[in-house]
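> If you scroll down you'll find the structure; I have some questions about it.
Read-outs: derived from the displayed coordinates by stated rules, not from any lab. Predicted model, so just to flag it, every value in this text is computed and none were measured. A quick note on method: Cβ atoms are made from the backbone with ideal geometry, for glycine too, and the neighbour counts reach across all protein chains shown.
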Amino acid sequence: MDSVFSQLSVLGSSLVLIFGLILLWRRGVTAYISAFTWQSIVLSAVTVIVAYFGKDRELYWVAAGLLLLKGLVIPRLLKQMERRFAAERELEPYVNTASSLVVSGLLVLFGYAVTRPLVALSQLPTRAGMPLAMGLVLVSLFVVISRKKALTQVIGFLMLENGLALLAVLGTYGIPLIVELGVFLDVLMGFLVMQIFIYQIHETFESIDVEQLNRLRH
Amino acid sequence: MLLGPPLLGALLAAAVRPYRRFVGWTSAVLSLSSIGAAVTLWRHVLAGDVVTSGPGEFLRADALSTLLALCVSMVGALAAWLGPGLATGEDYDAAQTRRFRIFGNLFTFTMLFAVTSNNVGFMWIAIEATTITSAMLIPLHVTKASVEASWKYILIGSIGIALAFGGTVLGYFDFVNLVGRQEAALNWTVLRASAPQLHPEVIQLAFVFILIGYGTKAGLAPMHTWLPDAHSEAPSPLSAMMSGVLLAVALYAVIRWEAVVNAAVGTGFTDGLYIGLGVLSIAIAAFSLVIQRNYKRMLAYSSIEHTGLICVGLALGPLGTFAAMLHLLNHALAKSMMFLLAGRVLHRYGSTEIGRVSGLLKVMPWTGGLFAAGMLAVIGLPPFGLFISEFALFRAGFAAGRPWLMGLVLALLAVAFVSMIGHLNRMLYGAPTAGVPVGERDLWPLVPLGACLAALVVLGVVLPAPLQALLRQIVEIVEQ
């Protein structure tokens, strides 16, 4: 039973990470949005698996919340924005594809190194997935830093949050539900504010290329 | 009582659509009752109580919370009285005024909630909410610069906060492994009590995430890059709140976790991290001050410098913590006053360039005088409070046997000192800039700002006994 559980959770975590890596080699916001949507769906599925095997009723609610918020509402809003900015051409990121893949590989390895004490300590059957979650956190951080489009940066940020949610669910079977609800609310509000700002950037700069944001120095 | 007023003010502002002035007055008066509540809290805490309320000690205020609640409610009141909430017209239109009333009050509410929540999860949620509410106010006037500043702020701030969430999860992970899952596990009191049994490696990793995460919001280098932009482009009352207390609230979150980590692995680990980031912040701030051409950015970099100082103080044992907390209070007073004064200067001269401001003492004698005195306070001259707290900090450093560190910090402070005096001179003297009307108007806002300065002088001369007792209690909480 436990071995099925642990294999399923590792499989799910790997999928979540792989959807994160898509940001590195695909071009085009459409691909990024669907990668994020699928990542959130898989994350929600992993949460259901943990809820089922870990016999934790609260986690079903968390999974439902994840699916609703990150699998449905946010992707829809993202698509709306994408349609609005569809005419903009894609930009070379600061780091080219080949090097970013190498960097990400190193980051995932680093994730393994960082989480070694956690894996050694934990008794949970889900522990083997934790390094993958940490890897996703680091890779998303890299995506945010190395991309020039405001929209891509937002998606990178959302993936970073997915990585943290995965870490929480694998490491602790989820934080208390009431806190989780507050986190959902924050994620939604934060996203809405970012959306407002992207529209403002578009209006004032006539593009959402963040390279233009270089007025303020020193 | 503490949390109610700003929330009420925000709801009222949101509910009343015709933009009536009484809404602004109501939140201004309500903000005073928050201060009253904070002072009551202070009295209770000094009597030895820990004030709690809600199911399962949901809200909990000890000495550390009280100090922060005092700072936040005072600066919140300053912003409510002197900000666009009560503005009479030309600068802000009705929609902007309403937006400021709503989000300004919410911002104060989230900060007060962050410092009184017992649950570190809710503390995190509240601090994330401070990012959202304050970011909404930065582009009150939409310009290219303010849009850029708000984007950098929300992106960098959110990522930092997300990393702090990672740290919170890791801390919770450690706890769950120890005693199993339970609802109260994220309560600070529970974490603190079980700290000695936590696993050193995990809790250290958690603290690194926490420090980088909340440190981003506190403006610690090298994660400080959003800070000068946001502080300089935000409307002045918001800059005052961000610089005066938001940074302090972020540090508060770090200190809460520090208490847990210190109890688990001793103070050596956190001390090293604090000193590294603190000295780096002071150094970057000092050298950025030299090349500064914009006075609001100058004040922002000075905030980074002071945050760095507080961090270094936290690493210097009980005496250092005492000095750091006193410094936090002094800085909240001084910097919020300075940003509000800078707002007046900006209003008159229409520019944030130091080069465009000259003859300030002739153009606005009272504002200029207060600005000069405040600047001397900020750079740490007697007879102001910041001199005393910096002096106490250095004494703590020498007592802790770190003379080299103190020498380095002192040298960096001297660099900041010289460059800020230079900038100040350029603004105060000389012929008034052409086209700027001479003469002071609208004097009453200077009364509360003068009171801030008076408070700084008082703190520079004596350390009132109730405050001293409060600070001692904080030291016990952090260092025991």
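> So what's the net charge close to residue B:40: Lys and Arg +1, Asp and Glu -1, counting the other residues with Cβ under 15 Å from its Cβ? Don't jump to the answer; show the numbers that get you there.
Numbers: positive: B:43; negative: B:49, B:62.
Cβ neighbours under 15 Å give a net charge of -1.
> Which percent of Cα-Cα pairs in segment B:69-225 sits in each 5 Å bin, short to long?
Once binned at 5 Å, the Cα pair distances of segment B:69-225 give 2, 9, 14, 17, 17, 14, 10, 7, 5, 3, 1, 0, 0.
> When the helix-only estimate is applied to chain B (DSSP H runs of n ≥ 4, each -39,500 (n - 2.57), divided by the residue count), what is the mean residue ellipticity at 222 nm, nearest 500 deg cm²/dmol?
Value at 222 nm, helices only: -25000 deg cm²/dmol.
> What does the charge count around residue B:61 come to, taking other residues whose C-beta lies under 13 Å from its C-beta (Lys +1, Arg +1, Asp -1, Glu -1)?
0
> Have a look at segment A:1-71 and give its Rg and Dmax from the Cα atoms, expressed in angstrom.
13.3, 41
> To the nearest Å, what is the center-to-center distance of segment B:194-266 and segment A:133-147, using C-alpha atoms only?
Using only Cα atoms, the two centres lie 21 Å from each other.
> Return the loop-located trypsin sites (Lys or Arg not before Pro) in segment A:1-82 (DSSP other than H, G, I, E, B) with at most 16 other Cβ atoms within 10 Å of their own Cβ; answer none if there are none.
A:26, A:27, A:55
> Across segment B:276-480, how large is the tail of the calculated P(r) beyond 25 Å, expressed as a percent of all Cα pairs? Please list the in-between numbers first.
Working: 8009 of 20910 pairs.
Within segment B:276-480, distances greater than 25 Å cover 38 percent of Cα pairs.
> Spelling out what I want: for every residue of segment B:336-342, take phi, set θ = phi - 60°, compute 6.51 cos²θ - 1.76 cosθ + 1.60 (Karplus), and round to whole Hz; glycine and proline get x.
Once θ is set to phi - 60°, the couplings for segment B:336-342 become 5, 4, 5, 5, 5, 5, 4 Hz.
> Over its Cα atoms, what ratio of radius of gyration to 2.2 N^0.38 Å does chain A give?
Working it through for chain A, the quotient is 1.04.
> Measure of size requested: the Rg and Dmax of segment B:92-152, with Cα atoms as the atom set and Å as the unit; please supply both.
13.2, 40
> Please list, short to long, the whole-number percent of alpha-carbon pairs of segment A:64-155 in consecutive 5 angstrom bins beginning at zero.
3, 12, 15, 15, 17, 16, 12, 6, 3, 1, 0
> A follow-up question, please. Treat each spin label as a single point 7 Å out from the Cα along the C-beta direction, and report the residue A:185 to residue B:411 distance in nm.
5.1 nm
> Let me ask you something else. Are there any trypsin sites (Lys or Arg not before Pro) in segment B:279-330 that are in a DSSP loop and have at most 15 other Cβ atoms within 10 Å? List them by number.
Passing sites in segment B:279-330 are B:293.
> Along the principal axes of its C-alpha atoms, what lengths does segment A:158-218 span, in descending order and rounded to whole Å?
In descending order, the Cα extents are 44, 21, 21 Å.
> Calculate how large, on average over all directions, the projected area of the Cα convex hull of segment B:309-431 is; give the answer in nm² to one decimal. Intermediate results must be reported in sequence, preceding the final value.
On the way: hull surface 29.6 nm².
Quarter of the Cα hull surface area: 7.4 nm².
> With just the Cα atoms of chain B, tell me how far they stretch along each of the three principal axes, in Å, largest first.
Over chain B, Cα extents along the principal axes are 70, 56, 43 Å.
> Past the 14 angstrom mark, what percentage of all C-alpha to C-alpha distances in segment B:36-121 do you count?
67 percent
> OK, next. Normalising by the residue count of chain B, find the relative contact order in percent from Cα pairs under 8 Å and 6+ residues apart.
Computed value for chain B: 14 percent relative contact order.
> Take the alpha carbon atoms of segment B:320-339, find their center, do the same for segment B:91-158, and report the distance between the two centers in whole angstrom.
Using only Cα atoms, the two centres lie 22 Å from each other.
> Further question on the same structure: Provide the net charge surrounding residue B:135, with neighbours chosen by a C-beta distance below 15 Å and charges set as Lys +1, Arg +1, Asp -1, Glu -1.
Net charge in that neighbourhood comes out at -2.
> Right, next: Considering Cα pairs under 8 angstrom that are at least six residues apart, work out the relative contact order of chain A and quote it in whole percent.
The normalised contact order for chain A reaches 24 percent.
> Let me ask something additional. Two decimals is fine: what's Rg over Rh for segment A:115-208, C-alpha atoms, Kirkwood radius as Rh?
On the Cα set of segment A:115-208, Rg over Rh gives 1.09.
> Segment B:56-73 to segment A:1-38: how many Å between their Cα centroids?
The two parts, judged by their Cα centres, are 42 Å apart.
> Compute the projected area of the convex hull of the Cα atoms of segment B:270-378, averaged over all viewing directions, and report it in nm² to one decimal place.
Averaging across all directions leaves 6.7 nm² for the Cα convex hull.
> Just tell me the longest site-free run in chain A, where the sites are GluC sites (Glu not before Pro) in a DSSP loop having at most 13 other beta-carbon atoms within 10 Å.
My reading of the result: A:91-205 is the longest stretch.
> Follow-up question, since we're still on this one. What do you get for chymotrypsin sites (Phe, Trp or Tyr not before Pro) in segment B:396-478 restricted to DSSP loop and a cutoff of at most 13 other Cβ within 10 Å of the site's Cβ?
B:429
> For the protein assembly as shown, list log₁₀ I(q)/I(0) at each q in 0.09, 0.10 Å⁻¹, using the Debye formula over Cα point scatterers of equal strength and ignoring solvent, two decimals each.
Summing over Cα pairs of the protein assembly as shown leads to -0.76, -0.95.
> Now for a different question. Collect residues whose amide H, placed 1.01 Å from N in the peptide plane, falls under 5 Å from the amide H of residue B:358; neighbours closer than 5 in sequence don't count.
Here the answer is B:433, since their amide H atoms fall under 5 Å of that of residue B:358.
> Going down the list A:79/B:217; A:70/A:148; B:152/B:335; A:55/A:79, which pairs span over 28 Å between their C-alpha atoms?
Correct reply: A:79/B:217; A:55/A:79.
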